[in-house]
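The values are calculated or read from the model by the stated rules, or taken from the named source; none is laboratory data. Predicted, not measured: the structure shown is a model, and the values here were computed from it. All Cβ positions, even for glycine, are placed from backbone atoms using ideal geometry, and neighbour counts span all protein chains on display. The area values use the complete protein model at the heavy-atom level, side chains included, leaving out ligands, DNA and RNA. Shrake-Rupley method; radii C 1.70, N 1.55, O 1.52, S 1.80 Å.
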Amino acid sequence: MRFVPCHPLHLVLGLTVWSAWFVVLYGGLSVACQLAPPDPANGPSTWVNPLLWLSTLVVVAALLWAALRLWRAAPDQSQANRRYISLTSAALYAVSAFATLAVAAPVLFLPPCI
Amino acid sequence: MSVASLAGCSAIGLVSLVLAGCSGPYSALSPAGPSAVDAAALWWGMSTFAGLVLIVVVALWLYALRRKPGQLNAQQARRIQHRWIIGGGLILPIASMTVLLVFGIPIGHRMLPLPVAGEEVLRIDVTGHQWWWQVTYPGQGIELRNELHIPAGRPVDLHLTSNDVIHAFWVPRLGGKLDMLPGRTNVLRLQADESGTYHGQCAEFCGAGHAHMKFTVYAHAPADFAAWQEGVANDE
Amino acid sequence: MNDQQQVNARRHREYDRVWGNWPGWGALAAVNHTSVGLRFIVTGLFFFLIGGVLAMLMRTQLALPEQDIVGPELYNQLFTMHGTLMMFLFAIPVLEGGAMYLIPKMVGARDLPFPRLGAMGYYCYLFGGLIILSSMALSIAPDSGWFMYTPLSSSTYSPGPGSDFWLLGITFVEISSVSGAVELVVSILRTRSSGMSLRRMPIFCWYILAMALMIIVGFPPLILASVLLELERAAGFVFFEVAGGGDPLLWQHLFWLFGHPEVYIIFLPAAGIVSTLIPVFAQRPIVGYRWLVLAVITMGFISFGLWVHHMFTVGIPQLAQAFFSLASMLVAIPTAIQVFAWLATLWTGRVVWGLPMLWILGFLIIFVAGGLTGVMLALVPFNWQVHDTHFVVAHMHYVLVGGMLFPLIAGLYYWLPHVSGRMPSELLGRWAFWLVFIGFNMTFLLMHLTGLLGMPRRIYTYQADLGWDWLNLLSSVGGFVMAIGVGMLIVDILLHFRFGRLAPRNPWNADTLEWAVAMPVTTYNFISLPRIESRHPLWKDRQLPEALESGRGGLTDIQADRRVTWGSDAATGEVQQVVHLPSNSWIPLQTGVALAVTCLGLLTKFYWVALAAALIGLVVVLRWSWHNGGHPHAAPLRADDPVSPPLHSRTCDGPGRWGMLMTLLANGSLFACLLFGWFYFWTVSPQWQVPGEAPLTAAPLLISGVLLTIAALLQKRQVNRLCKGSAEGVELGFWISAALALAHALLLLWILPAADLAPRTLAHDAVLAVMLGYLLFHGALVAVLTALQALRVRLGYVRVELPYEPVVLQPLWSYTLTVFWIAFAAFILLPMAW
């Protein structure tokens, strides 16, 4: 699959990644709490929290990379429609990165399983 | 009277009316325990801010309806538009939410049944039935119906479950509610700051008798509570 | 009449002949989007009024403490039916109907791409709604609340037929919602007029596109949940009972996975109406078009990550709740972007006043208030106090009435001249507005306080002197004021059809294409289709309506009595095909009736009747798919067929393929929910039990899967060859694929009883049984449909010049194959490894 900058599918790809990550975050947390719940007294300093946060950062980085790539690859005003799709998709990737970071942020402060 | 002072008097009148009408046996706005106090504080803070935002947005809208825009070139128009969208659409919500979470997350954390240093928290088991409350004190052989007795000023952990459908345990003046699910046990931490009588009710629709499924919580000063426990044990 | 007018009149007569409805009862066979859309709207308003009456009964009972006008059993039916009617039988159908009416006109098309599907959807809605209403007439209405939590709604605690009416009736109605959504997506993406690229699309189309995709993904969770609960109630399968390893919480997850997106599905089209009306009344293009597109797409996705905020009190750990709390707050950002885009448009525009703007003002005040209380509810510690109280009832009515009803009425007033050719009155309309606005706020503003003072939801009465007395009385009085206002509104609308002054063309001076059609509206919209060079076609060229009516656009002349519209590229809007559409047909009504009888048979437990009706329905549907493409009743090959662009059934791409893809998206959502249920049970079900010996062995399933795989690969090869221009051996190839698929299905049919599953004892086995049934259904379906395609090849309806239908079928093959192997991995391999 080639990375085609102006393909309309980019409009939904970023938030699809967000949605998939959300499922992994919530589902993964639930499974971890069932299999190996850490001691509540440790607060957020467990094995679960850093794992979730680091993997979140990887996803955020990938989304930001996609945003930048599309921003740079946008054609000029002569191809107005393709430029529009490129820039809007780039913005949506950036939005997805922000949303991913925001939703996962509580991982830094809260104990995972109580 | 000028319009402004009339409006001001009405506002004060309305606020007084509302405040006077804020008390009641089931009122979350007349809190008697730390969880309920926190929740009520959140309410007053959030509602004040929300009221301000609503008034400002509506006022801006009404003004915008009447306003005649001057001559604007495309550059100026773009700048004005960006200011509205970024200021109102991005900065306002993000800032408000950050403030809200900074206060709200620690408050939520305080409500959890975490271990208390140097104290064994009293455990009471409550099982919901259609349409009554079965209350037991494990290890003490006490079983009650539709009432609880707790020591005032100390946290109590309620272990909640259900015998049939989903119910919810709620004493508004003491704290939030928690669902009672068949096959599961949920733990709700409550504390009454002062001794007294507090009222609770089922807060999850559970059938024809839902409206009448109520209970009472009696909070005793610690010495009286010990006396009550002994009295009940002797009765057995 | 001058010459041009005579020519126009002749063309209109010609178009009326080809596009017109049959007279008298024959109008029931109409499939065009104007007729079908209006039917949805009128029927929806009818259900709205009934729902309103139920609310008045509730408010009468609650006006004073300890009243006995309505006892608890009846009251429980009242609030269940009020919620069900408003959410399922009013909000979605009216908005979808409005979208079905407007979208083809706004994109410059003559009809929706699957007219018979939309018409069938209407009948499913009508019959399903009537079935649900009949339960009220018989006093056996559902009474477990409109979200039907288990175990209360299961057969143990709700033994009567009420819950079954809900489960079967609502699933029936949802067919109409999903089919309408599929049509809208394909209409917006593939039938836009020449040159209407994505960035030139009216903003309303973006809103509806998002709404439709949300329906496609968001309704199947409820469809699955309803099927599972009905299986539990009727056949004793274990899904939501703790004893066999089930979990009542699974119902809540599945319900709210649907339920939360549902309210955004309701809000988005209404916001689309606001985004359409404000530029017209501000006499300038909407500010921040790209921001709005961003906001709409963002909202569409983020709203799927909120559902647990309806479940903050069930005992889920704090960190998990925090994810949902944050997502619930995040969604306020795209909402705020829209509000400030509207504000900026008004600020920099020259606002012309009109009745629709009054209703939009009401929308702003009420919806923003509701949104603010929504952010409050997203904060978990506060939620724990007000969840399941009248505070939530107040919030929900603020966002639903403010965010949906007010814009809907604004839109009704705005587009009434389009439907009737007459303007509504000002005086009566204004009175109606103020009564509704004041009445609404009187009912629901103080209700926030009622909830904070501790009054729970869904109680039929309350003790005196708890501080709730005067609040409830005021709310009930407000309810009556609002009802009078609604009555006045209905009277205004009805009277205007008779007494309204005649409307000029484009009376509001709007920019979008729907105002270029003749008024009152026709069934075919445009005599000729426009070339689009701007986002605001009617502001750019004020003569466009006359030009189109005079035939100066494209696709003007009628050929072979066919109904046609453009088929275009999804991104650029450049014309690729001529899409031919079906004319009046009784098939939708027949299908609706067959499904209704099936539903009734299941309800009354006359299962043979249900089976017979389902089989008849299947035959009707197969006949429907038969009258397509090259069939003489549809668009048979002719010497004078257009070549550049060609008719869509002569190509290897077209609306049908996209429709299939969208339907499979809905199907995939359902399957994903089944997988979710399986993993959920394994992980958190309170008393999960696995049978001692795995009931399903890998070997027979593996063989079945291999048969299917070979069939699918063979099929793909045949279709590729057909599209490349070679039809040699295609018929034989199709017969072989069909036979292999049939063998696969028969093997599954053998495995099902041979596995000795115990679905009435174990949730584990119940889920496996449903999974097998699902795979069996799809295997049998591809077998039958491919066999029919083979027959069509033999009869000459499918050939090199007509390669389209196998292309449409192809995604179903891919889906069936993919789902089989995923099921194999998840249901067989994973537990083995566990």
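Data table
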read-out	value
Shielding by other protein chains, B:90-102, mean Cβ within 10 Å	5
Kirkwood-based Rg to Rh ratio, chain A, C-alpha trace	1.14
Phi to ³J(HN,Hα) by Karplus 6.51 cos²θ - 1.76 cosθ + 1.60 over the range C:667-683, Hz, x for Gly, Pro	4, x, 4, 4, 5, 4, 5, 5, 4, 4, x, 4, 5, 4, 4, 4, 8
Residues C:I822 and C:L637, FRET efficiency given R0 of 45 Å [Cβ-Cβ distance, rounded to 0.05]	0.65
Radius 15 Å from Cβ of C:W678, net charge of other residues (Lys, Arg +1; Asp, Glu -1)	-2
Translational diffusion coefficient (Stokes-Einstein; Kirkwood radius from C-alpha pairs) of the range B:26-110 at 20 °C, 1.002 mPa s, in µm²/s	134 µm²/s
Per-residue mean of C-beta atoms belonging to partner chains within 10 Å, peptide C:329-335	6
Rounded, prolate or oblate (a/c below 1.5 giving rounded, otherwise prolate when a/b exceeds b/c) for the range B:75-130 by Cα gyration tensor	oblate
Protection proxy ranking, peptides C:183-190, C:62-69, B:65-72, average beta carbon neighbours within 10 Å, highest first	C:183-190, C:62-69, B:65-72
In the range C:1-84, trypsin sites (Lys or Arg not before Pro) in a DSSP loop with at most 15 other beta-carbon atoms within 10 Å	none
Per residue solvent-accessible surface (Å²) - chain A, probe of 1.4 Å	49 Å²
Cα gyration tensor shape for the range B:122-235, rounded if a/c is under 1.5, else prolate or oblate	prolate
The range C:287-431, accessible surface, carbon-and-sulfur percent (1.4 angstrom probe)	73 percent
Among C:531-537, C:498-504, the order from most to least packed when residues are scored by Cβ within 10 Å on average	C:531-537, C:498-504
For chain B, built as a Gaussian network whose Cα springs stay under 10 Å, the top-fluctuating residue of B:Q140, B:Q81, B:Q201	B:Q81
Coil-residue chymotrypsin sites (Phe, Trp or Tyr not before Pro) of the range A:1-100, DSSP, other Cβ within 10 Å capped at 12	A:F3, A:W47
Residue-averaged [θ]222 nm for chain C, counting only DSSP H segments that reach four residues, each worth -39500 (n - 2.57)	-21500 deg cm²/dmol
Residues A:V58 and C:L49, FRET efficiency given R0 of 45 Å [Cβ-Cβ distance, rounded to 0.05]	0.25
Efficiency of FRET between C:Q67 and C:L618 - r from beta-carbon atoms, R0 35 angstrom, step 0.05	0.10
Per residue accessible area of chain B, 1.4 Å probe, in Å²	46 Å²
Solution diffusion estimate, µm²/s, Stokes-Einstein, the range C:348-465, Kirkwood Rh from C-alpha pairs, 20 °C, viscosity 1.002 mPa s	134 µm²/s
Accessible area per residue, Å², chain C with all protein chains present, probe 1.4 Å	32 Å²
Built amide H within the under 5 Å cut-off of C:G145, gap 5+	C:T80
Cα shape, chain C, gyration tensor, a/c 1.5 rule	oblate
Phi to ³J(HN,Hα) by Karplus 6.51 cos²θ - 1.76 cosθ + 1.60 over the range A:89-103, Hz, x for Gly, Pro	5, 4, 4, 5, 5, 5, 4, 4, 4, 4, 5, 5, 4, 5, 5
Percent accessible area from carbon and sulfur atoms, the range C:9-113, protein chains only, probe 1.4 Å	69 percent
Cut-off 12 Å between beta-carbons: net charge of the residues surrounding C:H418, Lys and Arg +1, Asp and Glu -1	+2
Stretchable slack from C:E693 to C:A547, in nm (0.36 nm times residue separation minus alpha-carbon distance)	45.1 nm
Karplus (6.51, -1.76, 1.60) ³J(HN,Hα), θ = phi - 60°, over the range C:602-614, in Hz, Gly and Pro reported as x	5, 5, 8, 6, 8, 5, 5, 4, 4, 5, 4, 5, 5
Percent accessible area from carbon and sulfur atoms, chain B, protein chains only, probe 1.4 Å	62 percent
Isolated Cys residues of chain C, judged by Cβ distance under 4.7 Å to other cysteines	C:C124, C:C205, C:C599, C:C673
Summed buried accessible area for A+C [probe radius 1.4 Å, Å², rounded to 100]	3000 Å²
Dipole of the range C:484-640, positive end: most advanced residue of C:P545, C:V597, C:W586 [Cβ charges, Cα centre]	C:V597
Chains B and C, summed buried accessible surface - 1.4 Å probe, Å², nearest 100	7200 Å²
List of the range C:368-385 residues, accessible area with partners at least 40 Å² below that of the chain alone (1.4 Å probe)	C:L372, C:M376, C:L379, C:P381, C:F382, C:W384, C:Q385
Number of partner chain Cβ atoms within 10 Å, mean per residue of C:192-204	2
GluC sites (Glu not before Pro) within the range B:178-235: DSSP coil, no more than 12 neighbouring Cβ in 10 Å	B:E194
5 angstrom amide H check on B:L148, placed H, neighbours 5+ away	B:T216, B:V217, B:Y218
